[in-house]
Amino acid sequence: MGKKTILDIEVRGKRVLVRVDFNVPLDMKTGAITDDSRIRAALPTIRYLVDHKAKVILCSHLGRPGGRVVEELRMTPVAQRLSHLIDLPVSAVSDCIGVEVEKAIENLNDGEVLLLENLRFHPEEEANDPSFAQALAKLADIYVNDAFGSAHRAHASTVGVAKYLPAVVGFLMEKELEALSSILTNPEHPFGGLLGGAKVSDKIGLIQNILDKVDLLLIGGGMAATFLKVQGYEVGLSLVEADKQGLARQLIQATQKTEASLLLPVDVVVSDSISEQATGEVVPIAEILPNKYIVDIGPRTIALFSQQLRQCQTVFWNGPMGVYEVPQFAQGTRALVELLANLKATTIVGGGSTAEIVEEMNLTDKMAHVSTGGGASLRFLEGKSLPGVAVLLDKGQ
Ligand code: ADP
Ligand code: MG
């Protein structure tokens, strides 16, 4: 990975500011945390710092308060959940910079944990304002970035602050970078990419960057429509990105020139509408009527994709195979989650929705790696650098 980590730096007795991603989903009515996997993902770093007697100062954003204080988006429930998970007291403060916060830190003993208030209560956070970054830096002696999910954003707490403190990588960030870079640098072959999701345009960069690394590319989800369309199939009312048809054609031709094979659905589930009440019907791809939407992959496609994926040593999966939010259109996605979970291959899952489904099905532990960062994992796999990683110290620096 080439970046300094918390293992490369003395933390004992030091004030360590850790940027974590505690942007957890909340129940709109009760304010309760509905999924604490992001908090749990940060525990190894927090435990290490506690055990090594650092003064641990955690900071994160939560939701989109838009630069002002929103009571429902205070970090208090997160502090409580974290405290429960690590079995230690976690104190919270009502701001993330300023005199009150500085006092609370002065009173912090080695090995104690403090959680700062929602960073996005200040508009300066997202604006990457230098004086706000300095005010954060003033709280600590060392900066650790463990917020992989925010690493693609250049904000004060992810980029700005690193200019003023020795800045290193946390364990979660390290694990994410290693898992994702392993598929770009030395995947075990055969290597299959399973791609779905809403739109081709969201995934073009990813497809182009992994095209010469994969042996097999399987395409489902909404974006399959554009590929089917350029092959001359009727796709009904499904979204076809007119301006991406040329690219889809090029990608098909590119795979014909290389060893990699590209597979599209052979049958699909279609429906009159995409709603909870809608019913689906399985049809071969040559029989999609003009008044229908493609909403899922069909059973023959599930069988075909499964048979291909079973040959793989490495599988990267991003994007649901259908409109999984509607239970009757989630079968293709769920079948492939089950398959990947039971595969004896290195299975790496990226993408917000994709990770959510795996988590919902309680199969996260059965995958080699499920990325906690949707946007960040895509950006990384497009071969682009992450601003929140670029600013951290290199090994040997
Ligand atoms: P991720 O967040 O995992 O990267 P995306 O954001 O690209 O995934 O895609 C998720 C969305 O794709 C879901 O909301 C799902 O409903 C949608 N989707 C999947 N298949 C289809 C389809 N056939 N038609 C319309 N939308 C689809
Ligand atoms: Mg998404």
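The values are calculated or read from the model by the stated rules, or taken from the named source; none is laboratory data. Note that this is a predicted model, so its numbers are computed, not measured. Backbone-built Cβ (ideal geometry, glycine too); neighbour counts: all protein chains shown. To get the accessible areas, we keep the full protein, side chains included, count just its heavy atoms, and leave off ligands, DNA and RNA. Shrake-Rupley method; radii C 1.70, N 1.55, O 1.52, S 1.80 Å.
Please find, among Gln245, Gln253, the residue that is away from ligand 2 (no atom under 16 Å from the Cβ), polar (S, T, N, Q) and out of contact with any Lys or Arg (no Cβ under 9 Å at 6 or more places or on another chain).
Residue meeting the stated conditions: Gln253.
What are the residues in the stretch 146-196 that are buried (at least 24 other Cβ atoms within 10 Å of the Cβ) and aromatic (Phe, Trp, Tyr), if any?
Phe148
Within the stretch 204-220, is even one residue more than 20 Å from Ser182 (Cα to Cα), surrounded by fewer than 19 Cβ atoms within 10 Å (Cβ to Cβ) and of a type outside the set (D, E, K, R)?
Yes, the stretch 204-220 contains a residue that is more than 20 Å from Ser182 (Cα to Cα), surrounded by fewer than 19 Cβ atoms within 10 Å (Cβ to Cβ) and of a type outside the set (D, E, K, R).
Name, by its number, the condition in (1) open to solvent by 30 Å² or more (accessible area, probe 1.4 Å); (2) among the small types (Gly, Ala, Ser); (3) assigned to a helix (DSSP H, G or I) that does not hold for Gly383.
Here Gly383 meets the rest and fails (3).
Within the stretch 123-137, count every residue that is in a loop (DSSP other than H, G, I, E, B) and in contact with a helix residue (DSSP H, G or I) (Cβ under 6 Å, 6 or more places away or on another chain).
Final tally of qualifying residues: 1.
Please state which of the following conditions Leu216 fails to meet, knowing it meets all the rest: (1) out of contact with any Ser or Thr (no Cβ under 6 Å at 6 or more places or on another chain); (2) closer than 19 Å to Ala345 by Cα.
The failed condition is (1).
Quickly run through the stretch 221-233 and pick out the residues that are open to solvent by 20 Å² or more (accessible area, probe 1.4 Å) and either among the polar types (S, T, N, Q) or touching a helix residue (DSSP H, G or I) at 6+ places or on another chain (Cβ under 9 Å) (or both).
Gly222, Lys229, Val230, Gln231, Tyr233
Strands (runs of 3 or more DSSP E) wholly in the stretch 234-350 with at least 1 residues that are of a type in the set (Asp, Glu) and open to solvent by 10 Å² or more (accessible area, probe 1.4 Å) - which ones?
Those strands (runs of 3 or more DSSP E) span 281-284.
Can you name the residue in the stretch 328-363 that is in contact with a strand residue (DSSP E or B) (Cβ under 7 Å, 6 or more places away or on another chain) and away from ligand 1 (no atom under 14 Å from the Cβ) and is also nearest to Ala303 (Cα to Cα) among such residues?
Ranking the qualifying residues of the stretch 328-363, first place goes to Leu343.
Give me the pairs, please: first residue somewhere in the stretch 141-164 and within 23 Å of Val11 (Cα to Cα) and in contact (Cβ under 8 Å) with a residue 40 or more places away in the chain, second residue anywhere and of a type in the set (D, E, K, R) and surrounded by fewer than 24 Cβ atoms within 10 Å (Cβ to Cβ), beta-carbon distance under 7 Å, and either six or more positions apart or on two chains.
Correct list of pairs: Asp141/Lys14; Asp141/Arg15; Ile142/Lys14.
Among the residues of the stretch 1-53, which ones are open to solvent by 50 Å² or more (accessible area, probe 1.4 Å) and among the charged types (D, E, K, R)?
Across the stretch 1-53, the qualifying residues are Asp8, Glu10, Arg12, Lys14, Arg15, Asp27, Lys29, Arg38, Arg40, Arg47, Asp51, Lys53.
Would the stretch 166-185 turn up any residue that is touching a residue at least 60 places away in the same chain (Cβ under 8 Å), charged (D, E, K, R) and farther than 30 Å from Tyr48 by Cβ?
The answer is no; no qualifying residue exists.
Go over the candidates Arg47, Arg38, Arg15 one by one and state the one that is touching a Phe, Trp or Tyr at 6+ places or on another chain (Cβ under 8 Å) and of a type outside the set (A, V, I, L, M, F, W, C).
None of the others qualify; the one that does is Arg38.
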